[in-house]
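As structure tokens, the structure follows; a few thoughts come after it.
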Amino acid sequence: MSDPFGLTAEYIEKMRKFAKCTQPDIDIPDFEVVSTGNPALRGYTYPYPYLVPRLSDIYMKELSPSEQFDLYGTIVHESVHYNFPWYQRGSSEYLNKVHRNNNEMVRKRTQPWERKIKSGDTKCPEPPPPPQCP
Ligand SMILES: [Zn+2]
């Protein structure tokens with residue numbers, strides 16, 4: 001992961017870890033941090049199999065809990081893109097459809113964790129206990 005300004009990637013790593021334990025059914029990829037030149041563009045995923053998704057360097061600083069939740073949403077959003085086959089990621093028709101679905105999917109995926117993250121608790125939730133043998 002590039003760190004062009006020598007700032008911390010601590011929050012990105014923390015939210016990637018949190019995404020891995022709260023979204024176990026999708027692959028959470030590695031990200032490269034870049035300057036997107038547009039504060040509204042927080043991440044993107046290339047339609048090529050050999051390029052890792054990108055995250056905006058707006059996250060390379062100390063983040064408040066609600067900024068951490070925003071980062072979590074971006075990570076989950078790009079991860080949902082990334083979990084589609086690369087050869088489906090290119091066309092604008094497909095992107096529009098995916099974006100509509102992705103945003104719904106992302107809301108459903110992130111909402112259950114909003115309160116926890118915004119309260120400052122980003123520890124992975126305890127896994128459910130194993131079933132007890134009688
Ligand atoms: Zn997107």
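The values are calculated or read from the model by the stated rules, or taken from the named source; none is laboratory data. No experiment lies behind these values; they were computed from the predicted model shown. Here Cβ is always computed from backbone atoms with ideal geometry, including for glycine, and neighbour counts include all displayed protein chains.
Here are the numbers for this structure:
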{"quantity": "Residue in the range 106-117 that is surrounded by 15 or more Cβ atoms within 10 Å (Cβ to Cβ) and over 14 Å from the mean Cα position of the chain (by Cα) present", "calculated": "yes"}
{"quantity": "Those residues of the range 76-105 which are in a helix (DSSP H, G or I), at pLDDT below 95, within 13 Å of the ligand (Cβ to nearest atom) and among the hydrophobic types (A, V, I, L, M, F, W, C), in sequence order", "calculated": "Val80, Leu95, Val98, Met105"}
{"quantity": "Index of the failed condition, Thr45 passing every other in (1) at pLDDT below 95; (2) away from the ligand (no atom under 16 Å from the Cβ); (3) surrounded by 16 or more Cβ atoms within 10 Å (Cβ to Cβ); (4) of a type in the set (Val, Ile, Thr)", "calculated": "(2)"}
{"quantity": "Residue count for the range 46-84, restricted to those that are over 17 Å from the mean Cα position of the chain (by Cα) and within 18 Å of Asn103 (Cα to Cα)", "calculated": "0"}
{"quantity": "Check on Pro131, modelled with pLDDT under 90, in contact with a Phe, Trp or Tyr (Cβ under 7 Å, 6 or more places away or on another chain) and either of a type outside the set (A, V, I, L, M, F, W, C) or assigned to a helix (DSSP H, G or I) (or both)", "calculated": "no"}
{"quantity": "Conditions (1) closer than 28 Å to Pro128 by Cα; (2) loosely packed, with under 15 Cβ neighbours inside 10 Å; (3) of a type in the set (Gly, Ala, Ser): number failed by Ser91", "calculated": "(1)"}
{"quantity": "Among residues of the range 62-75, those that are within 11 Å of the ligand (Cβ to nearest atom) and over 17 Å from Lys17 (Cβ atoms), counted", "calculated": "0"}
